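First up is the structure itself, then whatever we jot down about it.
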Amino acid sequence: MQDKLREYFEDMVVYKDLKESNFFKSLSLPAFLRDWLLKMFEDEDGHFDVTEMTDFIHQYIPSKVQWTGIKNRIVKEGETVKLLTRISIDIDIKTQDVTFSLPDFGLNNKETLIEDRVWDECKDELVKAKENWGIIELGYRYPEGKTPGKIKLVSFANFCPYEIDLDFYKDVRRNFSVQEWIDVILGAIDYNADGYETEAQKLAMLTRLLPFVEKRVNLIELAPKGTGKSYVFGGISRYGYLCGGKMTRAKLFYDLARREEGLVFYHDFIAFDEISKVEFDNPNEMVQTLLGYMEQGTVKIGDKNDVAEAGVVMLGNIDQEDMDEWKNMFAGLPSFLKNNSALIDRIHGFVKGWDIPRMNEGLKICGWALNSEYFTSIMHMLRDDVSYRAIVDRLVDYPADSDTRNTEAVKRIATAYLKLLFPHVRTAEDVKPREFNQYCLRPAFRMREIVLRQMGMLDVEYKGKEMPKFSINPVGDES
């Protein structure tokens, strides 16, 4: 299997050894950054020089505590310094000044500038997103008269050193069975497929990736501690955002005072870790905004009327005695959620986290696997491909009087599964109906069914309501 993976994906495969090596664990690097380093330093057999890589990390990926020393080198010693980090750009409408911030070091826009010559050289890369990863070179513009000194950007090189061909990825999928492809995806997110006892366990883990690959998929997962929720949603993709604690409407959606867009505009998903402990500064205001956003992606605050595409994922822990979809599992959720059936109704699916094994040494990848940075970039790109939804619309049938929220939830989740497991399909005829039912439609139905059942336990209006009966329209070869 690993030879097959290397044959078809070639340079997009890296050797990951998370079972035996503690080297990367001690560095606390996210998976996408770790795999970028592996791609840079590994030879064709997967070996790398630890000293060489360590020297690179110390030079280009410093910790926050080293920032004062870096500022001294830039401001007082007159050096230019290169870093591999995140950079966020802002353009002042009134002055046309272009500035930047470095979120990982607390450097804000008031302390920086990008001169016109440099901006012309790197703007094509920096305007792609609100926040970009790259190798940046910093210098200093000395104060002159009333003009204050500022840290300036000298150069920028994109974090991704290769072009990603989405059509190539889709075509390569044709060379793998669905069972093989499931194992490929698990390796891409750092898990050893052989460490799972059943295919059902593997698919339960992959359910967490649905918001990575489809726009505005809203999920809630309740799981025992130690099953890797925070790792998957916080460390695998640079396009997602894991948060906890207190959250404000300004930070999440739109800051009216600063006229700044919030997190939902710049990430593929927002995952609330330990949802029972999440606090909103103004719960009523936040819930009203969430109702509109989780339904249609709209953000209406003051003069802001826009649409964002991030999914909302709520993560929580659950005790063993409560792991039962026929019981009220939402009793421990915060009041803003469990007392608002309309908000819960906007959650597309429930993830049974107890079907995912607790993390153990056997689940850690040790072998050749897809580069996590490459794979998560592919998932990010697939979000814009609407052809999969057209295929789902063609395949899925249900009664005319079916509740729209139920049908939309099932079709949205089924579309995400189709992108994840069958990215090679171009038409409805390309996917076998039995496989589509087994791996896409049926799991989507079950995820939404649990949400509906839980709503019936919280609100008498939903008590006894049943899911529509879904079926697959006959197309192409039934084999």
Practice problem: Could you list all residues from the range 436-466 that are out of contact with any helix residue (DSSP H, G or I) (no Cβ under 8 Å at 6 or more places or on another chain) and basic (K, R)? | Solution: R442, R446, R453
Exercise. Answer yes if at least one residue in the range 127-149 is surrounded by 15 or more Cβ atoms within 10 Å (Cβ to Cβ), under 26 Å from G240 (Cα atoms), free of Cβ contacts under 8 Å to residues at least 40 places away in the same chain and under 30 Å from the mean Cα position of the chain (by Cα), and no otherwise.
Key: no
Quiz item: Among the numbered criteria (1) surrounded by fewer than 16 Cβ atoms within 10 Å (Cβ to Cβ); (2) among the aromatic types (F, W, Y); (3) under 30 Å from R141 (Cα atoms), which single criterion is violated by F41?
Solution: (3)
Quiz item: What do you reckon, is S479 outside any loop (DSSP other than H, G, I, E, B), at pLDDT below 95 and over 30 Å from K338 (Cα atoms)?
Solution: no
Practice problem: Scan the range 322-351 and report the pairs whose first residue is touching a residue at least 40 places away in the same chain (Cβ under 8 Å) and crowded, with 21+ Cβ neighbours inside 10 Å and whose second residue is acidic (D, E) and assigned to a loop (DSSP other than H, G, I, E, B), with Cβ atoms within less than 8 Å and a gap of 6+ or a chain change. | Solution: F350/E325
Practice problem: Enumerate the pairs (first residue in the range 31-57 and on the phi > 0 side of the Ramachandran plot; second residue anywhere and outside any helix (DSSP H, G or I)) with beta-carbon separation below 9 Å, excluding pairs fewer than 6 apart on the same chain, so at least 6 apart or on different chains. | Solution: G46/V14; G46/Y15; G46/K16; G46/D17; G46/G367; G46/W368
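The values are calculated or read from the model by the stated rules, or taken from the named source; none is laboratory data. The model shown is predicted, which means the values in this text are computed figures rather than measured ones. All Cβ positions, glycine included, derive from the backbone under ideal geometry; neighbour counts span all protein chains shown.
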